[in-house]
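To start, the structure under review is shown below, and the notes come after it.
The values are calculated or read from the model by the stated rules, or taken from the named source; none is laboratory data. Computed from a predicted model, the values in this text were never measured in an experiment. Using ideal geometry, Cβ is built from the backbone for each residue, glycine included, and neighbour counts are taken over all protein chains shown. Accessible surface areas use protein heavy atoms only, side chains included; no ligands, DNA or RNA. Shrake-Rupley method; radii C 1.70, N 1.55, O 1.52, S 1.80 Å.
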Amino acid sequence: MKLIASEKPLSLYVHIPFCTRKCSYCAFYSLPRDKWPLSPDEYGAFILRKLDELSTLDFSTIYLGGGNPGLISDEMIIEIIKKASSASTEEITIEMNPEEITEERIKNLRPYITRLSVGIQSLNQDTLDTLGRNSSRKENIDALEILLKSGINYNADLITAVPGQKVEDTVSDIRELSEYNPDHISFYCLSFEENTPLYQMRGRRDENLEYDALLYGWKELEKLGYEHYEISNFARNKRYSMHNLNYWRLGQYIGLGPGSESSLGYERIFSYHEKEDIKSYLNGESSEIEALTGTEGVLEYLLVSLRTKWGLDKKELLERFRVDFDTTFSKAVKELDDKCYINSENSFSLTEEGWMILDSIILSLSLAL
């Protein structure tokens, strides 16, 4: 593909748009069981044919997400991974819901994956009920016990600031989850997305609760030995999500599946978003490729890089977009609270105080473009 910067890393995301039923907060494109137009394995066979079209490409990371990839058989998952991966693939991640995790599945998949991501979300049954999760507290615990026993490298998701939840509930979730020794924890506030059942509860959003839950949650995670390396992500022993790091560096990736996104190129970036309709995707209908302007590329780089502890690389900004950070943004930076950022010769990054007001900082910087 001529749009790809061949000397730069390339990631692959495979969207599995199936779930048993949709969670109350989920805005990702997925289909509950009663709306499946084909079986998950039939869809997997279609993805294999799509991968044939990409056979000349080497992917540095591969991520199977959803939906619920656990609804595809182990045999089909392995076929997809085998076809997509190569000797240069350094990370292969699969998302799986707690109720899909068994000792047998972990045994089957472990030789083919380097990382598993499980959506725990909470260990409190009332919170799980509010979120409309399929898995119960017991199923979450059962899955965590299997993962702990297996010793596999895994990530666990936690959501905070759910209506009815208290800061103490969040801290309790973190402490209990840490007992199962996940190498990585994704921890973030609930978003009230339009066209989801929970959107009607948006009036119960409490910004003070969100701030306190994040503040105390971050402190607890760091106390437990987790490195806060991205605004919503924590890792032990530097077991970062390499796939997501590529996103946060504004790297290249190809998305397969309805609703998936792709971004290609280095100095000039091209992007496209597949239609959120599985029938259109199966019929081969595609969205138009869009070339980002230079300003749009810089803004995207700001949006993603400032989410990480390493922040924005000034040399890379200059190489990719011909923008000198200090010249362009010096005035905007001076207007920021100096507790919110670290401005060095080579990089510009945000502190945790800065992450708390990330959107306003991005807005301030964007006005300089």
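Quick notes on this one:
- The set of residues in the stretch 194-212 being among the charged types (D, E, K, R), surrounded by fewer than 14 Cβ atoms within 10 Å (Cβ to Cβ) and within 12 Å of V167 (Cα to Cα) consists of D206 alone.
- Of the helices (runs of 4 or more DSSP H) lying entirely inside the stretch 315-369, those carrying at least 2 residues that are under 28 Å from the mean Cα position of the chain (by Cα) and charged (D, E, K, R) are 352-356.
- Of all residues making up the stretch 23-47, the number that are within 18 Å of S262 (Cα to Cα) and either more than 25 Å from the chain's Cα centre (by Cα) or assigned to a helix (DSSP H, G or I) (or both): 1
- Test: residue in the stretch 92-100 that is open to solvent by 60 Å² or more (accessible area, probe 1.4 Å), under 24 Å from N155 (Cβ atoms) and out of contact with any strand residue (DSSP E or B) (no Cβ under 6 Å at 6 or more places or on another chain): no
- Residue list for the stretch 14-53, filter: surrounded by fewer than 19 Cβ atoms within 10 Å (Cβ to Cβ) and of a type in the set (S, T, Y): T20, S24, S39
- E145 farther than 29 Å from S73 by Cα and either out of contact with any Ser or Thr (no Cβ under 6 Å at 6 or more places or on another chain) or not in a helix (DSSP H, G or I) (or both): no
- Given (1) β-branched (V, I, T); (2) in contact with a Ser or Thr (Cβ under 9 Å, 6 or more places away or on another chain); (3) assigned to a helix (DSSP H, G or I), index of the condition I77 fails: (2)
- Looking across the stretch 311-329, the residues that are farther than 18 Å from T295 by Cβ and either surrounded by 16 or more Cβ atoms within 10 Å (Cβ to Cβ) or free of Cβ contacts under 8 Å to residues at least 12 places away in the same chain (or both) come down to G311, D313.
- Restricted to the stretch 58-73, and to residues there that are open to solvent by 30 Å² or more (accessible area, probe 1.4 Å) and part of a loop (DSSP other than H, G, I, E, B), the residue that is nearest to C23 (Cα to Cα) is S73.
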